[in-house]
Amino acid sequence: MPPADQVLPHIERLYSLSECRTPLICCTENGDPFKSVEALAKTVGSTVWKIGTDTPKNEQNALDYLEVGLSNGDWLYLVQCEKASQTVLRSIGRELYTISPDPKNCPKRENFRLWLVLEKMIDMDDDINPVFPKVLTQNALFGWTDGLTSPSGVVQTKSAADPIVLEEQEKKRAARSARGKDPNDESDEEEGAFSPSKKVTGMWFHRSVDFYQTDSENVVTKAVDIFEAIEKGDIDKVVDICGKNVIDVNKINKGGLTPLFWAIMCDNIAIMRVLLDNGADPCQRRENGMPPIFMPIEDVNILQLLLDYGADVDARFEAKSLMDHPDTSTQVREYIKEHLS
């Protein structure tokens with residue numbers, strides 16, 4: 001672990017709670033995070049690439065180094081993110097959300113971290129002029145100094161966590177209560193956060209590895225193929241795989257997402273239609289109870305396609321309707337008001 005005077009506490013805590021597909025958002029008004037990030041990167045032998053996002057050329061550099069980091073475990077530290085285009089930020093968010101473990105070709109991928117640095121703290125609930133698109137913030141962690149958000153200095157997005165993680169968190173809260181402690185005080189987990197025996201990667205990474213290792217080889221091969229084809233936008237490949245009837249598109253998943261959810265995440269309407277024509281269920285929920293229409297949809301044509309194939313616009317998630325849910329985009333709300341009310 002790096003010396004305490006080299007690492008800002010809220011930056012250290014952000015890192016300790018993250019894994020390689022977690023965007024880490026912080027700001028310079030709380031103190032320059034760069035030296036802290038560099039010190040933490042050294043603990044896993046990674047280099048930090050500091051890149052601006054204020055020009056198209058720099059944005060392309062950011063995308064290029066994102067690909068490098070996901071291959072060799074280097075860290076990407078993006079500054080001036082207020083000036084970044086939504087298109088590039090959406091590409092970054094989608095890339096992180098759809099990465100999969102590749103221990104053979106990219107054994108250091110789990111060391112990767114993405115830091116998004118702002119000049120000032122922002123209102124993460126601003127749906128009118130958001131700095132970051134939903135596809136990026138849905139798995140992000142936000143870190144400001146103590147007193148600006150919470151005693152821990154870290155606040156997470158409102159999106160529901162993985163059910164397994166939620167269950168584990170509830171067990172820890174119950175254990176703290178039994179010891180007479182504040183159930184929300186996580187200070188007992190800080191010690192040893194950087195010890196070699198404690199992995200900092202999330203459970204998703206290891207569950208995905210298990211998925212590829214435990215199913216029958218033929219099904220796994222086709223499952224991997226269809227997810228790769230969706231990511232690449234290869235509709236002919238998706239049509240070919242679906243036509244062979246080797247896999248059930250409602251039963252395979254990658255990172256907890258079925259192919260339909262994956263196509264929604266990739267904003268690919270044509271592939272969504274192929275999957276729906278081949279039996280994909282527009283009402284099938286994720287393990288956390290989320291229906292497809294509650295994904296971070298910004299293109300209303302995606303919503304309409306799901307509805308055309310039988311999705312329920314009145315479905316509820318986290319006890320809220322699509323209109324009332326805090327993660328629903330402004331575009332979707334306006335579309336519902338105008339066309340579906």
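Evaluation of VAL37 against the conditions (1) under 16 Å from ARG113 (Cβ atoms); (2) among the aliphatic types (A, V, I, L, M); (3) touching a Pro at 6+ places or on another chain (Cβ under 9 Å) shows that the sole unmet condition is (3).
Considered as a group, the residues in region 312-338 that are over 24 Å from the mean Cα position of the chain (by Cα) and surrounded by 12 or more Cβ atoms within 10 Å (Cβ to Cβ) include one that is farthest from VAL300 (Cα to Cα), and that residue is ASP312. Of the conditions (1) more than 22 Å from GLU228 (Cβ to Cβ); (2) more than 16 Å from the chain's Cα centre (by Cα); (3) not in a strand (DSSP E or B), VAL88 fails just one. Which one is it? Evaluating VAL88 over (1) more than 22 Å from GLU228 (Cβ to Cβ); (2) more than 16 Å from the chain's Cα centre (by Cα); (3) not in a strand (DSSP E or B) leaves (2) as the failure. Can you say whether ILE271 is in the same structural domain as ASP225 (by TED's automatic domain parsing), under 22 Å from the mean Cα position of the chain (by Cα), closer than 23 Å to LEU96 by Cβ and in a loop (DSSP other than H, G, I, E, B), as far as the supplied structure shows? Judged against the criteria, ILE271 is not a match.
Exactly one residue among ILE51, ILE11 is crowded, with 22+ Cβ neighbours inside 10 Å and either closer than 22 Å to GLN138 by Cβ or in the same structural domain as ASP123 (by TED's automatic domain parsing) (or both), and that residue is ILE11. Scanning region 93-107 for residues that are in contact (Cβ under 8 Å) with a residue 60 or more places away in the chain and either among the hydroxyl-bearing types (Ser, Thr, Tyr) or crowded, with 17+ Cβ neighbours inside 10 Å (or both) turns up GLY93, ARG94, LEU96, TYR97, THR98, ILE99, SER100, PRO101. Listed conditions (1) surrounded by fewer than 19 Cβ atoms within 10 Å (Cβ to Cβ); (2) in contact with a Ser or Thr (Cβ under 7 Å, 6 or more places away or on another chain); (3) at pLDDT 90 or above are all met by ALA84, apart from (1). Within region 222-234, one or more residues are surrounded by 12 or more Cβ atoms within 10 Å (Cβ to Cβ) and modelled with pLDDT under 60. In the set (1) buried (at least 18 other Cβ atoms within 10 Å of the Cβ); (2) of a type outside the set (Gly, Ala, Ser); (3) in contact with a helix residue (DSSP H, G or I) (Cβ under 7 Å, 6 or more places away or on another chain), the condition left unmet by LEU17 is number (3).
Output the residue which, of all residues in region 122-135 that are of a type in the set (A, V, I, L, M) and surrounded by 17 or more Cβ atoms within 10 Å (Cβ to Cβ), is modelled with the lowest pLDDT. Looking at residues that are of a type in the set (A, V, I, L, M) and surrounded by 17 or more Cβ atoms within 10 Å (Cβ to Cβ), I get MET124. Within region 21-32, restricting attention to residues that are surrounded by fewer than 24 Cβ atoms within 10 Å (Cβ to Cβ) and in contact (Cβ under 8 Å) with a residue 40 or more places away in the chain, the residue that is farthest from MET121 (Cα to Cα) is THR22.
Those residues that are part of a helix (DSSP H, G or I) and under 21 Å from ARG94 (Cβ atoms), I need them from region 305-334; list them, please.
Step one: filter region 305-334 for residues part of a helix (DSSP H, G or I), giving 305-308, 330-334.
Residues satisfying the conditions are LEU305, LEU306, THR330, GLN331, VAL332.
Among the conditions (1) of a type in the set (D, E, K, R); (2) surrounded by fewer than 18 Cβ atoms within 10 Å (Cβ to Cβ); (3) within 26 Å of LEU260 (Cβ to Cβ), the only one that ASP64 does not satisfy is (3).
The values are calculated or read from the model by the stated rules, or taken from the named source; none is laboratory data. This structure is a prediction, so every number in the text was calculated from the model and none was measured. No Cβ is skipped: glycine too gets one built from the backbone with ideal geometry, and neighbour counts run over all protein chains shown.
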